[in-house]
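Data first, discussion second: the structure below is written as structure tokens.
Computed from the coordinates by the stated procedures, all read-outs in this text should not be read as laboratory data. As the structure is a prediction and not an experimental result, all values here were calculated from the model. All Cβ positions, glycine included, derive from the backbone under ideal geometry; neighbour counts span all protein chains shown.
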Amino acid sequence: LHIEASVAGGERENEAFAVLVFHDITELRRLEKIRKDFVANVSHELRTPLTSIKGYVEALLDGAKDDPEALNKFLDIILKQSDRLNLILEDLLELSKIESGRVSFKQDPLDIRSVVERTLSMIKPIADKKGHRLVTELDDRLPPIAGDEDRLVQVLTNLLDNAVKYTPERGMITVAARLVPEPARALPEHRALELSVSDTGIGIPEQDRPRVFERFYRVDKARSRELGGTGLGLAIVKHIVEGHGGQVWVEGRQPQGSRFVVRLPLRHPSRLAAQLTETNT
Ligand code: ADP
């Protein structure tokens with residue numbers, strides 16, 4: 001607990017008084033720490049590829065450029081590291097746009113199936129490359145949801161991209177969507193759509209599960225970097241899902257793997273119906 005105190009005094013009805021005010025600044029301190037950690041993390045993340053680029057350029061200038069094999073190899077590394085810098089910057093910009101509230105999420109009536117289909121067509125080539133099996137399990141009668149299709153495609157892309165990355169060759173990746181069973185007396189607007197991505201991959205230790213949505217948090221830094229990750233994918237996912245009024249979390253699977261669940265609220269059916277009519281006219 002962090003406390004800040006201030007004293008004020010005066011006189012009232014000929015009696016002197018003093019007031020001691022305590023402010024609980026625990027939350028302020030926490031936010032300040034998050035900000036400092038973030039700046040330190042960004043600097044570190046950017047410095048790693050830069051150091052590598054600088055090292056290889058120096059080696060080339062020192063004479064490695066005269067060896068055609070080394071020349072090719074080093075240039076290739078320099079290119080890869082520059083691409084990586086670019087990717088980190090793009091993700092950072094995206095995240096800062098969302099966090100500053102400069103991105104407003106559309107509330108279009110949309111069919112979750114089209115979100116799944118659009119994403120799968122992009123992911124299939126990289127899943128095929130690793131020999132993964134991609135399976136979809138979509139409930140037959142899924143109601144339309146109100147959301148931003150491009151952003152939701154981004155959510156699913158990030159989750160599937162991770163499932164492909166963190167699952168050894170010839171794994172199985174399942175995308176499922178279902179209506180969460182309505183509790184007996186719940187209001188219609190309390191119903192939700194649950195979208196999940198399950199894999200048979202390396203899994204996430206229980207203590208790391210809540211933290212993987214933090215910016216730059218990784219279970220295994222070296223491995224994640226090697227696989228080309230920026231450490232920002234799940235932070236972006238969380239922001240978009242919460243921007244839709246939803247929640248996201250990860251569960252472990254038996255005997256192995258992870259299951260990421262995105263729960264999106266369903267708007268009141270009549271409101272959505274009205275919106276559908278509006279869009280159609
Ligand atoms: P990265 O770019 O490192 O993949 P993310 O924000 O997408 O960053 O994910 C954060 C961390 O969560 C990853 O570094 C990895 O340790 C873990 N992770 C994410 N998805 C999975 C998954 N499907 N299986 C195992 N670990 C995962």
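Take the Cα of residue 86, step 7 Å toward its Cβ, do the same at residue 207, and the gap between the two points is 3.9 nm.
Taking 0.36 nm per residue of separation and subtracting the Cα-Cα distance, full extension of the segment from residue 93 to residue 18 would add 22.0 nm.
The simple Förster model, with R0 at 51 Å and r as the Cβ-Cβ distance, assigns residue 4 and residue 70 a FRET efficiency of 0.30. Taking a threshold of 20 Å on the Cα-Cα distance, which of the pairs 73/130; 106/238; 124/221; 80/221 fall above it? Beyond 20 Å between Cα atoms: 73/130; 124/221. Candidate membrane-span-like segments in the chain, meaning DSSP H helices with Cα atoms spread over at least 18 Å of their own axis and a Kyte-Doolittle mean of -1.0 or above, are 26-61, 68-99, 112-129, 149-165, with no membrane implied.
One Cα centroid belongs to segment 115-163, the other to segment 53-111; the line between them spans 25 Å. Within segment 227-256, list the residues whose amide N lies under 11 Å from a label point set 7 Å along Cα→Cβ of residue 219. Those under the cut-off are 251-253, 256.
Could you give the length gained on full extension between residue 26 and residue 137, defined as 0.36 nm per residue of separation minus the Cα-Cα distance, in nm? All intermediate terms of the calculation are to be shown ahead of the outcome.
Values: separation 111, 0.36 × 111 = 39.96 nm, distance 4.51 nm.
So the extension gain works out to 35.4 nm.
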